[in-house]
């Protein structure tokens, strides 16, 4: 499967990822074979109507997700299987310094994602615990599949600092762009502005998540959480779904209190 990636890109990715604070990340656009990505992008465009749409909530709109490997077309299935393989995971361990990483055969929350016109995903941290694997989520890999893509369409992935005060990094979702970053309770990210794509144009990506059996205690603020923690940017106020938003924030606060209580007991 060596044709899937360009190994000569790994030393630079390793240096970039390990130099970042307060959490590691690296722009991995030079890692993947563009021809392979073009094949996957073409398949997803052809099958876009079959991808299930998630329910809109205050922080996520127009999101489509396919997490079943068996329902994916052949080149897409082959590529995702490679991303879950030990061969590729060994490269991720070399880049990140995180040892004993595991893929997720369930693709929980991951797989093929597509966002339509007007869609967005507000800043958030991800669930940090996979209940059926009994493992900690440690790493996100996002690979973008959009050609052409114009800056005016919005949709750039944003990484923010731990206090959600300053944007640290952004990357447009053009074909071949990719991002590797640590998954923890301070790695806030999203593409929070509504897409301004033409009708029928989707922001397409592959999302893969990687796990370990343990993790540093300093990375955990919410305990073992299977929830997404959405937050507002400075000056932003979430619209609509007020009761859902209040309930979600209460759940997060309760988890924080319980986590502190368990650590002290």
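What follows is calculated from the coordinates using simple rules that are stated; it is not laboratory data. This one's a predicted model, so the numbers in the text were calculated from it and none came from an experiment. For neighbour counting, all protein chains shown are included, and Cβ atoms are generated from backbone atoms with ideal geometry for every residue, glycine included.
When only Cα pairs under 8 Å and 6 or more residues apart are kept, what is the percent relative contact order across the range 2-264?
Relative CO of the range 2-264 lands at 24 percent.
List 213, 170 from most exposed to least, where exposure is judged by having the fewest other Cβ atoms within 10 Å.
Ranked by crowding around the Cβ, least crowded first: 213, 170.
Where in the range 165-188 does the label zone of residue 100 land, with the point 7 angstrom along Cα→C-beta and an amide N cut-off under 20 Å?
182-185
Just order 195-201, 171-177 by mean Cβ neighbour count inside 10 Å, highest at the front, would you?
The peptides rank, most packed first, as 171-177, 195-201.
Applying 1/(1 + (r/R0)^6) with R0 = 35 Å to the Cβ-Cβ distance of residue 232 and residue 147, what FRET efficiency is obtained, to the nearest 0.05?
So, using R0 = 35 Å, E works out to roughly 0.60.
What does the helix-only formula give at 222 nm for the chain: each DSSP H stretch with n ≥ 4 adding -39500 (n - 2.57), the total divided by the residues, and the result rounded to the nearest 500 deg cm²/dmol? Could you put the intermediate results ahead of the total?
Details: 5 runs with 67 residues, N = 265.
The helix contribution divided over the chain gives -8000 deg cm²/dmol.
Given [x] -0.49, -1.54; [y] -0.64, -1.52; [z] -0.61, -1.25 as candidate values of log10 I(q)/I(0) by the Debye sum over Cα atoms at q = 0.10, 0.17 Å⁻¹, which corresponds to the one derived from the coordinates?
Given [x] -0.49, -1.54; [y] -0.64, -1.52; [z] -0.61, -1.25, the calculated one carries the label [x].
Points 7 angstrom from Cα along the Cβ direction at residue 134 and residue 217: gap in nanometres?
If labels sit at residue 134 and residue 217, their model points lie 2.1 nm apart.
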